[in-house]
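Novice: Please find one structure pasted underneath; my questions will follow.
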Amino acid sequence: MKPETAASIAESLAARLVGDGARLITRLDAVEHGDNETLTFIRDPRYARAWLESSVPVALIAEADAADIEASLPDEKTLIVVADADLAMLELLERATPPISGPAPGVHTHAIVADDADVDPTAAVGAGVVIGPGARIGAGAVVHPGAILGAEVTISDGAELRPGVIVMDRCRIGRGTLVHPGVVIGADGFGYRPDPNGPGIRKIPHAGNVIIGDGVEIGANTTIDRGKFGPTVIGDGTKIDNLCQIGHNVRIGRCCIICGATALAGSVVIEDGVTLGGRVAVADNLRIGRGARIGAGSGVMDDVPAGATWLGHPACPHREALRRIAAISELPKLLRGLKRIARKEEGRGHGDD
């Protein structure tokens, strides 16, 4: 990051400064990797001791967590105290993170563009990109090298497709959406039936497409299958992590969080504001209600009510899941007790002989 003093950083964040504001900061990092020009982040008072014992001079901390540390702050340490440490660090990271290198505006000479494709003059299309017939690339869109766009694909204004993205025929990407490397949008859904004419399996065609809303982010190597009839839909503002599988005709609402390695089977409905932890699996044709939260590693086999928190495998309301976990943890003790009873009964049997 550009060198700044602790005082200037505090001023830019409208934060309260405790300690020496002249300390120079050149980087953001975790305590264990920092040096004497590092600003670190204390999101939990439990980590304060590690910072106090480190060489890192300056820490960002929330007002609610600052009192105890501030009362005994050594002279060589400086605190930047903010209302919300997560949001303040987010702002600093936005300022410190360099932009991803991309193609210049215009169409690279090594791109292949169909004669009837419509590419806005302000769009940037990199080397090796293939743009199919009837496709449309909007104003300010960026298509990085190696991306492949099928026939009649629409990439809306300001969208960005990183290297190696594949968008199959008739799929649509919304304004300002960011698609990370290796994503495949619009492959056929997974649908087969036994062949009535003999042994074998018959493929079910998928005639739909994928519609991705505005301001969506899709992580690397995620796959989103096209619908069997209508579209698979991702709502505005939703964020999908790496290595997720979104099945055919899934409908995800607005501002959802889908964490890594999650798999949604066909025709699942995820309502607005839902959070799915990592490696969640949802069976087909289920609905997860608005604002619900599903814990990491859960297997969802039933509809989930709005606002509920479920976890487990199979998933259930979190209080019930915690009771199950507690009961399972008692099983070894129960088994040891049963073995002792069995040995006593066996001893009595020998005595009777």
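Novice: What is the sum of charges around P133, taking Lys and Arg as +1, Asp and Glu as -1, for the other residues whose C-beta is under 10 Å from the C-beta of P133?
Specialist: Here the charged neighbours net out to -4.
Novice: Starting from the Cα of K344, draw a straight line to each of the lysines and keep only those under 19 Å, dropping any in the same chain fewer than 8 residues away.
Specialist: K333
Novice: Next question, about the same structure. Which of the lysines could a cross-linker span from K2 if the Cα-Cα distance has to be under 30 Å and same-chain partners fewer than 8 positions apart are dropped?
Specialist: K77, K239
Novice: By the gyration tensor of its Cα atoms, with a ≥ b ≥ c the square roots of the eigenvalues, what is the shape of region 74-177: rounded for a/c under 1.5, prolate for a/b over b/c, or oblate?
Specialist: Prolate.
Novice: Can you list which of the GluC sites (Glu not before Pro) found in region 42-100 are DSSP loop residues with at most 13 other C-beta atoms within 10 Å?
Specialist: E53, E76
Novice: With both bridge residues required to lie in the chain, what share of the DSSP beta bridges run antiparallel, to the nearest 5%?
Specialist: 15
Novice: Normalising by the residue count of region 260-304, find the relative contact order in percent from Cα pairs under 8 Å and 6+ residues apart.
Specialist: 39
Novice: Also: For the chain, what's the relative contact order in percent, using C-alpha pairs closer than 8 Å and at least 6 residues apart?
Specialist: Answer for the chain is 6 percent.
Novice: Which of rounded, prolate or oblate describes region 193-345 when judged by the alpha-carbon gyration tensor and an a/c cut-off of 1.5?
Specialist: Judged from the Cα gyration tensor, region 193-345 comes out oblate (a/c at least 1.5, b/c at or above a/b).
Novice: Can you tell me the Rg and the Dmax, both Å, for the Cα atoms in the chain?
Specialist: Every Cα atom of the chain included, Rg and Dmax give 27.4, 99 Å.
Novice: Ok, one more. Where does each of S267, S329, S298, S101 land when they are ranked from fewest to most other beta-carbon atoms within 10 angstrom?
Specialist: The most exposed by this proxy come first: S101, S329, S267, S298.
Novice: Starting at 0 and stepping by 10 Å, how many percent of the alpha carbon pairs of region 4-96 end up in each bin?
Specialist: Bin by bin from 0 Å, the calculated values are 19, 60, 21, 0.
Novice: If neighbour count is taken as other Cβ atoms inside 10 Å, put L52, L338 in order from fewest to most.
Specialist: Sorted ascending by nearby Cβ count, the order is L338, L52.
Novice: So, one more: Gap in Å between the Cα centre of region 1-73 and the Cα centre of region 107-174?
Specialist: Here the two parts' Cα centres lie 44 Å apart.
Novice: Next question, about the same structure. Among V233, V165, rank each residue by its count of other Cβ atoms within 10 Å, from fewest to most, as a rough exposure measure.
Specialist: So the ranking, lowest neighbour count to highest, is V233, V165.
Novice: Can you tell me how much longer the chain between A296 and I257 gets when fully stretched, taken as 0.36 nm per residue apart minus their C-alpha distance, in nm with one decimal?
Specialist: Computed gain between A296 and I257 is 12.8 nm.
Novice: Nearest 500 deg cm²/dmol is fine: what mean residue ellipticity at 222 nm does the chain get from its DSSP H runs of n ≥ 4 alone, each adding -39,500 (n - 2.57), divided by its residue count?
Specialist: -6000 deg cm²/dmol
Bear in mind these aren't lab numbers, they're just calculated from the coordinates by the rules spelled out. Keep in mind that what you see is a predicted model, and the values were worked out from it rather than measured. When we count neighbours, we look across all protein chains shown, and the Cβ atoms used for this are built from the backbone with ideal geometry, even at glycine.
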